[in-house]
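*Asks:* Pasting in a structure now, in structure tokens, and then I'll have a few things to ask.
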Amino acid sequence: MKVRDYTHSRPLDVHRWSDYPEVNTFVDDIFNTYFKQKTNIRKKHLKVVLLDLYVAWRDDPTLTIGVAMSPKAYKAGKSRYNALNIKRTTIDIVNELKELELITFLKGERFSQRFSYVSRISASDKLIKKFQDTAFLEFVIGHHEGKETIVLRDENKEEIEYEDNTNTRRMRKQLIAYNKLLEKSFIDIQKYDAPRILIKPKRRRRSNEPKYVNISHHDKFVRRVFNNNSFDEGGRFYGGWWQRIDGKIRKDIRINNIATVEIDYSAIHVIMLYALMGIDYWSNFSKDPYDINIHFVNDPEHSRKIIKFLLLLAINANDETSLFKAFRNEHDYETMPYEFTNQRLSGILTNIKKEHHPIAHKICSGEGIKLMNYDSMIVEHILDDFIQRDTAILSVHDSFVVQLGDENRLYTLMQEAFERVMYVYKVKVKYNKNMTKQGLYSFRHLDYDYFIDMFYHLTKGSPTKGYKRRMERHNQYYNTRNV
């Protein structure tokens, strides 16, 4: 059996499911061979674990699945967040699979009061052989139809029950359609032969632990999360592996093998705060909201990044103590090695409030969670259009990734959506450095050879063998379904 570690892992997906006949045959064979006499184990629950092990192995053979082995981790009773009613019997299933040598098992470990790992499991060579003998593609495995897309959390970030109404049903209907659109869209990055991206760890993470994001067909599910027991706070769209990588990597994403363009709003939350005060910022001011001097920073680019980061954190913070702590934990000291004492940060914050005096009272007031609700409504409006046109779009809160050629439509929608939600008529947006359709066709008459080369790159690119395999498997399944 392969030796695994704790770091390259994801939690067990308790909504993993498929009604495909060959999948049911596979699960039946294992249940009847090993578990038929085990009265404490239901086939339904075994199926969830087996299918999630299959998906993990198919996505990345080095990936492990985190499973809590304490009964306290499993809540009793029905819940909208546990459609398959997964119970503490998961512990029994894992123990049986371990005894049968169908999984590798790494016991959970506590390193301190604040830091611990739950147990990790992965398919053993014995189970992998059974996976290899199956007659189905990984695309027939998805999520149970009851997996909740509209999540409400309390002040402690615990998921809580709620009564459905017209609004929640409308939002759920949109997300069901959006997830179906993402499911059939091939979203990948050509340069990765193995579908795994190594992410630079943030300062607060243990520096010796690598962090990975898997490019996975099974990691595209999107849901909305509301906070503080209110559908007026939060509501952002979360999910999709593209949200966990930065723009430098995201620029290489292809949708259905076509190059993409990313557009995001400029200073969206600052502009929203002004809008709430009845001020149309870009109609009244031309200055970059983050263009504020820091006396001990000589590099203007560094100064802008520091101001932007501190101000955005301040909009979300409830007080200066938590703000300054969060800033020091998150700041990139490697590229901007400055010292940030409370006194220095307080001075910077004072200058920010002077520069933005109309909204100074909103800083460190916890207003950010309400602004997230506004930007989620903007996303909702934009997604509706792309869903209706059956065209994939990726949301990253206040930015969007679309196929080359869809950027003009997206730009128009971003203008319309902001006006509709915030009653502000002027917004500014930023394009990433990728080629746009307009930019491409500007070379058509100036340098036709360059135009042809660039057109080929944007529509074909230079895919690795791994990317080609992933695309071929995806197209093999979805093209066949659509015939």
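The values are calculated or read from the model by the stated rules, or taken from the named source; none is laboratory data. Predicted model, so just to flag it, every value in this text is computed and none were measured. Positions of Cβ are generated from backbone atoms using ideal geometry, with glycine treated the same way; all protein chains shown enter the neighbour counts. With ligands, DNA and RNA removed, areas are computed over all heavy atoms of the protein, side chains included. Shrake-Rupley method; radii C 1.70, N 1.55, O 1.52, S 1.80 Å.
*Asks:* Which three numbers, in whole Å and largest first, are the semi-axes of the equivalent ellipsoid of region 1-114 derived from its Cα gyration tensor as √(5λ)?
*Replies:* Three semi-axes, in Å: 22, 18, 15.
*Asks:* Per 0.36 nm of contour for each residue apart, how much would the distance between Ile160 and Thr33 grow if the chain were fully extended, relative to their Cα-Cα spacing?
*Replies:* 41.8 nm
*Asks:* So what's the angle, to the nearest 10 degrees on a 0 to 90 scale, between helix 465-481 and the longest Cα principal axis of the chain?
*Replies:* 70 degrees
*Asks:* Further, regarding this structure: Using a 1.4 Å probe and ignoring any ligands, DNA or RNA, find the accessible area of Ser365 and quote it in Å² to the nearest 10.
*Replies:* Rounded to the nearest 10, that gives 50 Å².
*Asks:* Given the options Ser442, Val424, His457, identify the residue whose Cα lies farthest towards the positive end of the charge dipole of region 395-477 (+1 on Cβ of Lys, Arg; -1 on Cβ of Asp, Glu).
*Replies:* His457
*Asks:* Can you run phi through the Karplus equation (6.51, -1.76, 1.60; θ = phi - 60°) for region 119-132 and list ³J(HN,Hα) in whole Hz, with x for Gly and Pro?
*Replies:* Values, residue by residue: 5, 10, 10, 7, 5, 7, 4, 5, 6, 4, 4, 5, 4, 5 Hz.
*Asks:* Lys460 to Asp125: extension gain in nm, 0.36 nm per residue of separation minus the Cα-Cα distance?
*Replies:* Taking 0.36 nm per residue and subtracting the Cα distance, the gain is 116.9 nm.
*Asks:* Which whole-Hz couplings ³J(HN,Hα) result when phi for each residue of region 368-376 is put into the Karplus expression 6.51 cos²θ - 1.76 cosθ + 1.60, θ = phi - 60°, listed in order with x for Gly and Pro?
*Replies:* x, 5, 6, 5, 4, 5, 5, 5, 5
*Asks:* Let me ask something else about it. Which order do the peptides 68-79, 339-350 take when ranked by the mean count of other beta-carbon atoms within 10 Å per residue, highest first?
*Replies:* Highest-to-lowest ranking by the protection proxy: 339-350, 68-79.
*Asks:* Further question: Going by average Cβ neighbours within 10 Å, how do the peptides 301-307, 157-163 rank, with the highest at the top?
*Replies:* In decreasing order of mean packing, 301-307, 157-163 become 301-307, 157-163.
*Asks:* A further question on this structure: Could you give the angle, 0 to 90 degrees to the nearest 10, between helix 166-184's Cα long axis and the longest principal axis of the Cα atoms of the chain?
*Replies:* 70 degrees
*Asks:* Let me ask something else about it. Using the structure shown, select from Lys78/Lys107; Lys47/Lys157; Lys308/Lys426 the pairs with a Cα to Cα distance greater than 25 angstrom.
*Replies:* Lys78/Lys107; Lys47/Lys157
*Asks:* So who's got an amide H within less than 5 Å of the one on Tyr212, skipping anything under 5 residues away but keeping other chains? H placed 1.01 Å off N, in plane.
*Replies:* Ile199
*Asks:* Separate question: Show me, for region 264-276, the HN-Hα J-couplings you get by feeding each phi into the Karplus relation (A = 6.51, B = -1.76, C = 1.60, θ = phi - 60°), rounded to Hz, glycine and proline as x.
*Replies:* My calculation for region 264-276 gives 9, 6, 7, 6, 4, 6, 5, 5, 5, 4, 5, 4, 5 Hz in order.
*Asks:* Along each of its three principal axes, how wide is the spread of alpha-carbon positions in the chain, in whole angstrom units, largest first?
*Replies:* Principal extents (largest minus smallest coordinate, Cα): 74, 61, 48 Å.
*Asks:* So what is the calculated 222 nm ellipticity per residue for the chain, using -39500 (n - 2.57) for each DSSP H run with n of 4 or more, over all residues, to the nearest 500 deg cm²/dmol?
*Replies:* -12500 deg cm²/dmol
*Asks:* Right, here's the next one. Which cross-chain or sequence-distant (5 or more) residues have an amide H under 5 Å from the amide H of Leu404, H modelled 1.01 Å from N in plane?
*Replies:* Under 5 Å from the amide H of Leu404: Ala259, Thr260, Val261.
*Asks:* To the nearest 10 degrees, how steep is helix 89-99 against the longest Cα principal axis of the chain, on a 0 to 90 scale?
*Replies:* Value to nearest ten degrees: 60.
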